[in-house]
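Note sheet for the following structure.
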Amino acid sequence: MNHANRRKFLKTASLTAAATTLPRFAIGKPGASANSKLNIAVVGVGGMGGYATRSAANENQVALCDVDDVKAAPHYKKYPDTPRFKDFRVMLDKMGDDIDAVAISTPDHTHFAAAMAAMERGKHVFVQKPLAHNIWQCRTLRKAAAHYKVVTQMGNQGHTFDGMRRIKEWVDAGIVGDVKEVVTWTNRPNAPWFIPPSSFPPQSGPAPSTLDWDLWQGPTKRRDYSLDYLPTRWRGWWDYGCGALGDIGCHTFDAPFWVLGLGSPIKVEVERKEPLNPGFIPMGSVITYHFPARGKKPPVKLTWYEKGYDVPLPKRWDEGKPLDAGGGMYMEGTENTLYHPGMRPRSPRLTPSSAFNELKPKLAKMDRSPSVKGGPIDEWVRAIKGEGPAPGSQFDYAAPLTEMVLLGALAQRTGKTIDWDPEKMLVKGQPELNELIKEPTREGWQYGEKL
């Protein structure tokens, strides 16, 4: 089908869909329908961009964008005839009419600009976690998704797991009881993502010819190139990453945030190892979030432990072995303790094990929530085509979850307690901290100012 006929067909299909009972989110922009393949552009092709190209392999990969030719080379080889770009702004200007949706897998600091540039042109967007680099960006992305009426999704694989649905079923059925305390942990920061440089500032040098270093920096302050930033060490620098919290928090906080309906914390406290330099993350922290009561649900204290801090065992622990060393979550209920090993809720269970074994026949008979076929990109694609419901990590959900993560990162970065006013989007009594709620942006990279 040639370009003109395809657009005519898709427009007709979209109008037909609009006449049915499908919700607006399922229809998307003119050009997306259940009877055609989506034209998807991938921004950030190396690293997690490979996940995007694999997950959307059944759709049309119409454009690939990456600033690093070496990291992107395997994917360029797989799609030798697909147009390539270094600047997503140029890609959208040149190929906007041929793109239905954009999958973004860049470092944290460019998530916002890439997503906004796509949504302003009516493109559906998928963004890897964390959704954004600061809290203002989270709220602006949420507003933009509603304003531009596009289908959105944050890359939070665990939200599509059946284990996530089991946790919600058990909590909603009262099997766990009232939850007042949640404990989460990770073995990060660690290599290869978090490696402190041998000196501050890091040793600089010429960027390789295969990398557009200026474009890689995007909206942030210009700095000299250093091997201490790339390819994976950027997560430890506040200019580019959000630390171990930004890396893992959206995964491990996901179950309690969703199931308990936590919303915004009102206070965030921090205990941290002293950072090596103001621009680099502390190599370990304990973050404590305080959430108010929500209707009949009691207040919740949620604690996050990073590498170097001992995680307390659950009060009902009887498994005779340590907690998962890599990470995990447990919530202490008045009836039982719910635990999942690992950063994502793949295999939740109750403790004590005796209670879990007694409850298994009852749990097996409970009504099951619908499973999500495939991962978050599959879910996003189906929603765009009108073949499934809105994605579970659409920006209405992902933005508040990421905001929670970033409030912890703000406490880590400053070493100060955050008394948070979610309505006014500010830290009470510490105006200097509010400068980090919306960070400065380089000229040419501003988006969302008028939303």
Checklist line | Among the residues listed as Val381, Val405, Val427, the single one being touching a Gly at 6+ places or on another chain (Cβ under 6 Å) and under 30 Å from Tyr240 (Cβ atoms) | finding: Val405
Notebook entry, point to check: Within the set of pairs 6 or more residues apart or between chains, which connect a residue that is in contact (Cβ under 8 Å) with a residue 12 or more places away in the chain inside region 202-213 to a residue that is of a type in the set (A, V, I, L, M) with Cβ atoms less than 6 Å apart?
Noted result: Thr210/Val70; Asp212/Val67; Trp213/Ala207
Next item on the list: Filter region 182-201 down to residues that are in contact with a Phe, Trp or Tyr (Cβ under 7 Å, 6 or more places away or on another chain) and more than 11 Å from Ile248 (Cβ to Cβ) and give me whichever is surrounded by the most Cβ atoms within 10 Å (Cβ to Cβ).
Entry: Val183
Check: Of the residues Glu274, Glu269, which is of a type in the set (Asp, Glu), closer than 27 Å to Asp239 by Cα and in contact with a His (Cβ under 9 Å, 6 or more places away or on another chain)?
Finding: Glu269
Margin query: So, in region 178-198, exactly how many residues are more than 11 Å from Thr232 (Cα to Cα) and among the aliphatic types (A, V, I, L, M)?
Written below: 3
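Every residue, every condition in (1) buried (at least 16 other Cβ atoms within 10 Å of the Cβ); (2) under 21 Å from Cys242 (Cβ atoms); (3) not charged (D, E, K, R), yes or no:
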residue	(1), (2), (3)
Cys65	yes, no, yes
Lys86	yes, no, no
Met91	yes, no, yes
Ala115	yes, yes, yes
Arg121	yes, no, no
Margin query: Considering only region 405-413, I want to know if a residue exists there that is in contact (Cβ under 8 Å) with a residue 24 or more places away in the chain, of a type in the set (D, E, K, R), in the same structural domain as Ser264 (by TED's automatic domain parsing) and buried (at least 17 other Cβ atoms within 10 Å of the Cβ).
Written below: yes
Next item on the list: Of all residues in region 36-62, count the ones that are surrounded by 13 or more Cβ atoms within 10 Å (Cβ to Cβ) and either within 24 Å of Trp234 (Cβ to Cβ) or modelled with pLDDT under 85 (or both).
Entry: 14
Notebook entry, point to check: Looking at this structure, is Leu131 assigned to a loop (DSSP other than H, G, I, E, B), touching a Ser or Thr at 6+ places or on another chain (Cβ under 9 Å), under 22 Å from Leu436 (Cα atoms) and touching a residue at least 60 places away in the same chain (Cβ under 8 Å)?
Noted result: yes
Checklist line | Those residues of region 147-171 which are of a type outside the set (Lys, Arg) and either outside any helix (DSSP H, G or I) or free of Cβ contacts under 8 Å to residues at least 24 places away in the same chain (or both), in sequence order | finding: Val150, Val151, Thr152, Gln153, Met154, Gly155, Asn156, Phe161
Checklist line | Residue selected from region 353-381 under the condition within 30 Å of Asp100 (Cα to Cα), surrounded by fewer than 20 Cβ atoms within 10 Å (Cβ to Cβ) and out of contact with any Asp or Glu (no Cβ under 9 Å at 6 or more places or on another chain), by the criterion modelled with the lowest pLDDT | finding: Pro370
Next item on the list: Confirm whether Arg344 is crowded, with 16+ Cβ neighbours inside 10 Å, touching a residue at least 24 places away in the same chain (Cβ under 8 Å) and out of contact with any Asp or Glu (no Cβ under 7 Å at 6 or more places or on another chain).
Entry: yes
Note to self: Condition first: in contact with a Phe, Trp or Tyr (Cβ under 7 Å, 6 or more places away or on another chain) and either crowded, with 18+ Cβ neighbours inside 10 Å or closer than 19 Å to Gly236 by Cα (or both). Now tell me which residues in region 414-446 satisfy that.
What the structure shows: Val427, Ile437
Note to self: With the structure loaded, tell me whether Gly177 is in contact (Cβ under 8 Å) with a residue 24 or more places away in the chain and in a loop (DSSP other than H, G, I, E, B) or whether it fails that test.
What the structure shows: yes
Notebook entry, point to check: If you take the residues of region 390-431 that are part of a helix (DSSP H, G or I) and of a type in the set (D, E, K, R), which of them is nearest to Phe112 (Cα to Cα)?
Noted result: Glu403
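The values are calculated or read from the model by the stated rules, or taken from the named source; none is laboratory data. These figures come from a predicted structure and were not determined experimentally. FYI the Cβ positions are ideal-geometry reconstructions off the backbone, even for glycines, and counts take in every protein chain you see.
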